[in-house]
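Novice: Sharing a structure here in structure tokens format.
Values in this text are rule-based calculations from the coordinates and carry no lab data. Everything quoted here is computed from the prediction, not taken from an experiment. Cβ placement follows ideal geometry from the backbone for every residue including glycine, while neighbour counts extend to all protein chains displayed.
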Amino acid sequence: MSKDKNSFVLYTDYWEQINLLTTNQKGELLTAIFLHAMGKEPEQLDAMCKMAYAFISSQMDRDFNKWEEKVRKRREAGKKGGLAKANNARECLANQADNVIVNDTVTVNDTVTEPDNDSDSARGRQGDPYKGYKGAQLDKPVAHRATSPSFDFDVVCEQIRQAYEEMEDYPYTEKEVETIFKTYFKYYRKYRGREHPKLSTENIRQIMNKLPYIDENHGCTQDIEASQYEQLISKHFRTKYEDCDYNINHFVSGRIRDLRFFEECY
């Protein structure tokens, strides 16, 4: 079996045969099953254990082959869907470029008026450096604030583990999901100057459901590889949006990842 798959299924139908074994035999059988799941074969099993191991390991192999085929189809569909979307995006950009009108006359006023620091516009710029911008680049990170609340990533890892257990045939490994969240929180701290707000386990599960796919109505198409998220997250935080708090929930909503994906990965 593959190192990319870190789980397997034991069916309750096995119990009738397993219950015939002694406690020691059950322990040997369980060890043999785990070895098989890790790509190793047990050295010695007695006749009773060997019989139970034979039908359990055969079913594990069938399940693994189905999983591999499903992942392969998702990746192929994702590549086709991604290429089609990339072509559409390029067409839209080309059409926009054809419709741009350039004026050759530029008027410059020699009088510069300093904004009133008490005005609404000044307060808006000082209170939120991102407000009023869309699609521009944010190059300078914000200094980390000493008053940021404590943030325990081990708690997040436990929430991810709980959510991961509920997902069947999820395209990413648990470790890959942890890396994505850790990367996002790292960039949030760097550019926002504070820790990311805490998330509930249910919220994390909803985010995980969206991560492998670009569109919310994704069906079974895997569009984004886990390894591409470093690029997408970095680009996301270097992009200014209007009225955006850069919460990870914003990142997985609408067409945010869609646009960043075509900017960075195509």
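Novice: Given the Cα-Cα distance of Glu165 and Thr201 and 0.36 nm per residue of separation, how much length would full extension add, in nm?
Specialist: Between Glu165 and Thr201, full extension yields an extra 11.8 nm.
Novice: Next question. In the neighborhood of Ser58, defined by Cβ-to-Cβ distances under 14 Å, what is the net charge if each Lys or Arg adds +1 and each Asp or Glu adds -1?
Specialist: Working: positive: Lys50, Arg62, Lys66; negative: Asp13, Glu41, Asp61, Asp63.
Neighbour charge sum, excluding Ser58 itself: -1.
Novice: Kindly write out, for the range 16-25 in residue order, the coupling ³J(HN,Hα) from the Karplus curve 6.51 cos²θ - 1.76 cosθ + 1.60 (θ = phi - 60°), rounded to whole Hz, with x marking Gly and Pro.
Specialist: In residue order, the calculated couplings are 4, 6, 5, 5, 7, 7, 6, 4, 5, 5 Hz.
Novice: Order the peptides 38-51, 236-249 from the highest to the lowest mean number of other Cβ atoms within 10 Å of their residues.
Specialist: Numbers: 38-51: 12.6, 236-249: 16.5.
Per-residue Cβ counts within 10 Å, averaged per peptide and sorted highest first, yield 236-249, 38-51.
Novice: A follow-up question, please. Using the Cβ atoms and a cut-off under 12 Å, what net charge is assigned to the surroundings of Gln162, where Lys and Arg are +1 and Asp and Glu are -1? Don't jump to the answer; show the numbers that get you there.
Specialist: On the way: positive: Arg161, Arg205; negative: Glu158, Glu165, Glu166, Glu174, Glu202.
Net charge in that neighbourhood comes out at -3.
Novice: Right, next: Using the number of other C-beta atoms within 10 angstrom as an exposure proxy, rank Thr12, Thr179 with the fewest first. Don't skip to the answer; put the middle values down first.
Specialist: On the way: Thr12 7, Thr179 16.
Exposure proxy ranking, most exposed first: Thr12, Thr179.
Novice: Would you kindly state how much longer the chain becomes between Cys265 and Lys66 on full extension, computed as 0.36 nm times their sequence separation minus their alpha carbon distance, in nm to one decimal?
Specialist: Numbers: separation 199, 0.36 × 199 = 71.64 nm, distance 2.92 nm.
Answer, rounded to one decimal: 68.7 nm.
Novice: From the cross-link list Lys182/Lys210; Lys190/Lys235; Lys40/Lys73; Lys190/Lys240; Lys26/Lys50, which pairs have alpha carbons spaced over 19 Å apart?
Specialist: Working: Lys182/Lys210 17 Å; Lys190/Lys235 13 Å; Lys40/Lys73 27 Å; Lys190/Lys240 15 Å; Lys26/Lys50 11 Å.
As for pairs spanning more than 19 Å Cα to Cα, those are Lys40/Lys73.
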